[in-house]
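Below: the structure, in structure tokens.
Readers should treat all values here as calculations from the given coordinates under stated rules, not as data from a laboratory. Not measured: the values here are computed from a predicted model. Please note: Cβ atoms are built from the backbone with ideal geometry, for glycine as well, and neighbour counts cover all protein chains shown.
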Number of protein chains: 2
Amino acid sequence: MNLLVVGSIALDTVKTPFGKAEDVLGGSATFFSISASYFANVYLVGVIGEDFPDEGLEIFKRHSIDIRGIEKRKGKTFRWKGEYGYDLNWAKTIDTQLNVFKDFNPKIPEEYKNCEYVFLANIDPSLQLKVLEQIKKPKLVACDTMNFWIEGKLKELKKVLRKIDILLINDSEARELAKEHNITKAAKKILSWGPRNLVIKRGEYGALMYSDYETFAAPAYPLDSIYDPTGAGDTFAGGFMGYLANVNNFTESTLRQAIIFGSVMASFNVEEFSLNRLRNLRHAEIRDRFQEIKRLSHFDDLDQEFFNHIF
Amino acid sequence: MNLLVVGSIALDTVKTPFGKAEDVLGGSATFFSISASYFANVYLVGVIGEDFPDEGLEIFKRHSIDIRGIEKRKGKTFRWKGEYGYDLNWAKTIDTQLNVFKDFNPKIPEEYKNCEYVFLANIDPSLQLKVLEQIKKPKLVACDTMNFWIEGKLKELKKVLRKIDILLINDSEARELAKEHNITKAAKKILSWGPRNLVIKRGEYGALMYSDYETFAAPAYPLDSIYDPTGAGDTFAGGFMGYLANVNNFTESTLRQAIIFGSVMASFNVEEFSLNRLRNLRHAEIRDRFQEIKRLSHFDDLDQEFFNHIF
């Protein structure tokens, strides 16, 4: 199936305790689409400036991503500058230059409008609504958001929540959105506002998925070298939505596997700066890491003998 | 099999956003032994003051815990006073009065010396060593520790690590002990100092178990009402060691199930203040929650069809 993503394309400057990368490819739609491209046909909508390097577009093309939806405008590309300490769960934003992204007004190309799967990356909820108006009949719509919109555009964000199927957010954002510290209570409240599923990303602690009837807890793949966590959340979303679009159903079983693929892709992403690891993956590596997470989280059911003995 | 625990018995005063409890039963050996008593014969060594309430001893007896190892001394019982904010992962200690616990010098009763399973709760590593000298031929020894001993008695603690099989600690303590922020690297370092298994407790994020060959990631049971996290770590250890002593083997499969029982028992413990929930559990509730965690963390293997299709 075809998978549409609308979000940011950026040039990032990132410093971590393990090194520095300057003006490298970044942005939510970028990480999402490269990650999803291992599973599905991706259609990308975003905006770049005149300074965007040809090499960036080449990477999309090499991953068979449809970039007819990338608009090139006068001015500079969106730039983000951030820094991480040893606690790689938290980024400190040093500088944000919106540039051409400031007036981003996503226009969905005619050829994209029949996409069955849609991911609205973290952009202004008013724009997310505008995107949805342009799509014909999506089978599944998921979106991301952040504290900035929760604080500044809550009304519009709640309108978005009524129209989508799955919300993917960080745990601190889930708490802030629901105004509730307990994550399970927060999840129930958010589900009551519309989405059928809520995916809570918890960085090195894995992810939770809630529906009205089920809860799924997925571990993160434990890595002994994490170089750059930038884009991990969008990469997660890319693996998640890419797998759903590939399998083209959303039973509980498929959704759970999709969470694991999200975890797998995010774990690769953080192993190197920018997209350096993600752009050179082999399918066998993805499959192997899925199975490693299976082994990692497996435990045997209780023996009937033990039951009878003690219980 | 018989399970020996040596640790603190305390009277706690605890404040959380959900209420307050004054001079209630607490201490590492207390939480551990009540939790473990659902699985194994527990032999308790600890010290209490003259003010220790009879009701406290009654609870141990009702759980068939052998308390011949509890020494009653002149003076007051160990008291801890703490407070939690909405982030229930962190306790703020308001006051600690060691009282009779200050000169605790554990003497293992003759009848206890053949215990096959031993848990050294969080006490001075010098005392942990003294306990080990008194035990005849344990099959499995596990211990806990804390930042206070990591900072003040590292040499003795490392001696303990050479003599035990399993270390159970919090993730922040693991990082501090190994002087390494990455938890996987920290784990490898600690394993190189002696223990065969390292269990890292991560509160609401579950637990990790490392050995030289395997890693296991277990989720915490998601609760929508957590009233008092005091004793969760010791309750976890009680379920873990209790199950191992019951089944009397420590294959990887059994160890993983034991981690889940630790998680189960800890999840009950935090639902009410002090031991209020833990002391009134039915075995069927324990079994059911084990199976709920099984469902919570299960995902299906990949379909061969999917493999062939995409990979």
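Determine, from the Cβ-Cβ distance of A:Glu292 and A:His181 and an R0 of 22 Å, the FRET efficiency 1/(1 + (r/R0)^6), rounded to the nearest 0.05. The value I calculate is 0.10.
Within the protein assembly as shown, antiparallel bridges make up roughly 40 percent of the DSSP beta bridges whose residues both belong there. Size estimate for the stretch A:1-98 follows the Kirkwood approach: the inverse of mean 1/r over distinct Cα pairs works out to 14.1 Å. When DSSP beta bridges are restricted to pairs lying wholly in chain B, around 40% turn out antiparallel. Computing Rg and the Kirkwood Rh from the Cα coordinates of the protein assembly as shown gives a ratio, Rg/Rh, of 1.02.
For the stretch B:59-166, the fraction of C-alpha pairs farther apart than 19 angstrom is 57 percent. For the residues A:Phe39, A:Phe290, A:Phe299, a GNM of chain A with alpha-carbon springs under 10 Å puts the largest fluctuation on A:Phe299. In this structure, B:Lys189 and A:Lys155 have a Cβ-Cβ separation that, at R0 = 35 Å, corresponds to a calculated FRET efficiency of about 0.10. Label-point distances for A:Gly85 to the equivalent site in the other copies, using a point 7 angstrom along Cα→C-beta, read 1.5 nm when ranked shortest first.
Mind telling me which of A:Thr235, A:Thr16, A:Thr96 comes out most flexible in a GNM of chain A, alpha-carbon contacts under 10 Å? Most flexible of the set in this elastic network: A:Thr96. For the peptide A:212-220, the mean number of other protein chain Cβ atoms found within 10 angstrom of a residue's Cβ is 5. Annotation for the stretch A:45-83 versus the stretch A:236-301: alpha-carbon center distance of 25 Å. The residue list B:Ser274, B:Ala245, B:Ala217 was ranked by how far each Cα lies along the charge dipole of the stretch B:148-287 toward its positive end, using unit charges on Cβ atoms, and B:Ala245 comes out on top. Chain A has one residue whose beta-carbon comes closest to the axis relating it to chain B; that residue and its distance in whole Å are A:Tyr205, 2. Each helix, a run of at least 4 DSSP H residues, gives -39500 (n - 2.57); summed and divided by the residues of chain B, these come to -11500 deg cm²/dmol at 222 nm.
Between the beta carbons of A:Glu305 and A:Arg73, assuming R0 = 51 Å, the FRET efficiency works out to 0.15 to the nearest 0.05. Shown for A:Gln304: label points 7 Å from Cα along the beta-carbon vector, and their distances to the equivalent points in the other copies, 2.8 nm in ascending order. Here the extension length gained between A:Lys102 and A:Asn147 equals 14.4 nm, from 0.36 nm per residue of separation less the Cα-Cα distance. When the charge dipole of the stretch B:1-110 is built from unit charges on Cβ atoms (+1 for Lys and Arg, -1 for Asp and Glu) and taken about the Cα centre, the candidate among B:His63, B:Ile34, B:Phe52 whose Cα reaches farthest toward its positive end is B:Phe52.
Ranking request for peptides B:101-110, A:156-165: highest mean number of other beta-carbon atoms within 10 Å first, then the rest in descending order.
Listed from highest to lowest mean packing, they are A:156-165, B:101-110.
The largest-to-smallest principal axis extents of the Cα set in the stretch B:155-225 are 41, 23, 20 Å.
So what J values fall out for the stretch A:204-210 if you push phi through Karplus, 6.51 cos²θ - 1.76 cosθ + 1.60 with θ = phi - 60°, rounded to Hz, Gly and Pro as x? My calculation for the stretch A:204-210 gives 5, 9, x, 8, 10, 10, 10 Hz in order. Close amide H pairs (under 5 Å, H built 1.01 Å from N) link A:Arg196 with A:Ile166, residues at least 5 positions away or on another chain. Placing a label point 7 Å from the Cα of B:His283 along the Cα-to-Cβ direction, the distances to the matching points in the other copies come to 5.1 nm, shortest first.
Pairs spanning more than 23 Å between alpha-carbon atoms, out of B:Lys107/B:Lys139; B:Lys179/B:Lys201; B:Lys102/B:Lys130; B:Lys130/B:Lys155; B:Lys81/B:Lys107: B:Lys81/B:Lys107.
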